[in-house]
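The values are calculated or read from the model by the stated rules, or taken from the named source; none is laboratory data. Only a predicted model underlies this, so the values are computations on that prediction, with no experimental measurement involved. Neighbour counts run over all protein chains shown; Cβ positions are idealised from the backbone, glycine included.
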Amino acid sequence: MDVLYTYDGSFDGFLCCIFESYLHRETPLDILPEEDAGPTLFEVRAIPTDPARAQRVARKVAALSGEAASLLRRGFLTCMDQRELRLYRLTVKLLRDGPRFLRDHADETLLPVLKAVRNLEGEAHLLRGFVRFSEYSGMLAGEIEPKNHVLPLLRAHFCARFPNEQFFLYDRTHREALLYANGRAVIAPLEHFQMAAPDNAEAAYRRLWKRFYDTIAIRERYNPRCRRTQMPMRYWNTMTEFQDEQYFIPGGEAGKPAPLSPPERGGEPSAVSAPAVQAP
């Protein structure tokens with residue numbers, strides 16, 4: 001029977017799709033989050049999320065290969081095209097053939113997942129240096145526009161870097177935020193958010209950072225191609241040193257709101273704006 005699975009978009013929900021496939025001895029044509037499912041001529045089955053079933057799948061994968069378990073979890077954070085179907089095929093091959101194929105990095109089932117995970121980890125590595133925080137009422141606040149769901153990979157780094165601070169880091173692309181306070185961190189959905197305009201002190205700090213950035217530049221060695229290689233342009237939109245004059249004026253222009261619609265998987269963030277909530 002030709003069937004398409006839909007699920008709630010969570011990792012546990014995806015693992016339940018794998019469980020359902022084995023329970024009914026069927027191979028789904030595709031596995032999609034509910035919000036991504038469109039009209040189709042095939043049967044569509046909504047798979048409920050059952051933590052017990054998800055744990056059974058997770059334990060089985062981990063027992064066969066810790067590496068595969070890590071690939072599955074990190075692969076789910078990527079913007080890989082046909083993400084769920086590729087991860088499903090990887091799991092099926094692991095359960096059928098065992099973990100030996102994981103040594104062959106050219107394997108057609110493994111290679112797309114490896115590439116996507118490397119892209120995820122590379123993006124997280126760059127953002128550890130490219131995130132710019134601002135101060136609002138005693139709290140640090142920052143924004144990013146990643147292609148992948150990088151917040152789980154950034155959590156440990158920033159919590160260790162600011163152990164005595166309260167901060168949040170907002171992902172404009174996926175509309176979720178990392179919040180940290182009193183030694184506890186949580187990643188939660190946040191549909192609409194817009195950074196408030198800076199006060200006098202924050203505007204002064206922004207100008208100091210911009211002046212520092214401009215001062216250390218060596219004009220005789222100006223190399224825009226090298227800069228774009230080391231600091232890709234798609235990250236500039238949330239970096240203080242690349243903002244226009246309004247960004248440095250107290251009470252001036254507020255930050256950019258979250259996109260109304262998330263980008264297509266593997267695509268760039270949408271430029272469409274949504275109603276905003278001011279930061280405290």
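Take region 25-48 and flag every residue that is in contact with a Leu (Cβ under 9 Å, 6 or more places away or on another chain), in a loop (DSSP other than H, G, I, E, B) and among the β-branched types (Val, Ile, Thr).
To start, the set of residues in region 25-48 that are in contact with a Leu (Cβ under 9 Å, 6 or more places away or on another chain) comprises 28-32, 37-38, 40, 42-45.
This time we only want the ones that are in a loop (DSSP other than H, G, I, E, B), so: 28-29, 37-38, 40, 42.
Hit for region 25-48 is 40, nothing else.
Is there any pair with a first residue in region 50-74 that is touching a residue at least 12 places away in the same chain (Cβ under 8 Å) and a second that is surrounded by 15 or more Cβ atoms within 10 Å (Cβ to Cβ) and outside any helix (DSSP H, G or I) whose Cβ atoms are under 6 Å apart and which are 6 or more apart or on different chains, and what are they?
Nothing qualifies.
Are any of the residues in region 229-240 touching a Gly at 6+ places or on another chain (Cβ under 9 Å), in a helix (DSSP H, G or I) and surrounded by fewer than 12 Cβ atoms within 10 Å (Cβ to Cβ)?
Within region 229-240, not a single residue is touching a Gly at 6+ places or on another chain (Cβ under 9 Å), in a helix (DSSP H, G or I) and surrounded by fewer than 12 Cβ atoms within 10 Å (Cβ to Cβ).
Taking into account only those residues within region 174-187 that are exposed (fewer than 10 other Cβ atoms within 10 Å of the Cβ) and of a type outside the set (D, E, K, R), which is nearest to the chain's Cα centre (by Cα)?
Step one: list which residues in region 174-187 are exposed (fewer than 10 other Cβ atoms within 10 Å of the Cβ), which gives 182-184.
Applying the additional criterion that residues be of a type outside the set (D, E, K, R) yields 182-183.
On the way: 182: 24, 183: 22 Å.
Going through the qualifying residues, I end up with 183.
Quick check on residue 204: is it of a type in the set (A, V, I, L, M), assigned to a loop (DSSP other than H, G, I, E, B) and in the same structural domain as residue 141 (by TED's automatic domain parsing)?
Numbers: of a type in the set (A, V, I, L, M): yes; assigned to a loop (DSSP other than H, G, I, E, B): no; in the same structural domain as residue 141 (by TED's automatic domain parsing): yes.
It is false that residue 204 is of a type in the set (A, V, I, L, M), assigned to a loop (DSSP other than H, G, I, E, B) and in the same structural domain as residue 141 (by TED's automatic domain parsing).
Please go through (1) at pLDDT below 95; (2) farther than 27 Å from residue 102 by Cβ for residue 49 and return the number of the only condition it doesn't satisfy.
Result: residue 49 passes all but (1).
Go through (1) outside the structural domain of residue 66 (by TED's automatic domain parsing); (2) within 15 Å of the chain's Cα centre (by Cα) one by one and return the number of the condition residue 136 breaks.
(2)
Is it the case that some residue within region 126-144 is of a type in the set (A, V, I, L, M), part of a helix (DSSP H, G or I) and out of contact with any Asp or Glu (no Cβ under 7 Å at 6 or more places or on another chain)?
Initially, region 126-144 is screened for residues of a type in the set (A, V, I, L, M), giving 126-127, 131, 139-141, 144.
Of the ones still in play, those that are also part of a helix (DSSP H, G or I) are 126-127.
Checking which are out of contact with any Asp or Glu (no Cβ under 7 Å at 6 or more places or on another chain) leaves us with 126-127.
Looking through region 126-144, at least one residue is of a type in the set (A, V, I, L, M), part of a helix (DSSP H, G or I) and out of contact with any Asp or Glu (no Cβ under 7 Å at 6 or more places or on another chain).
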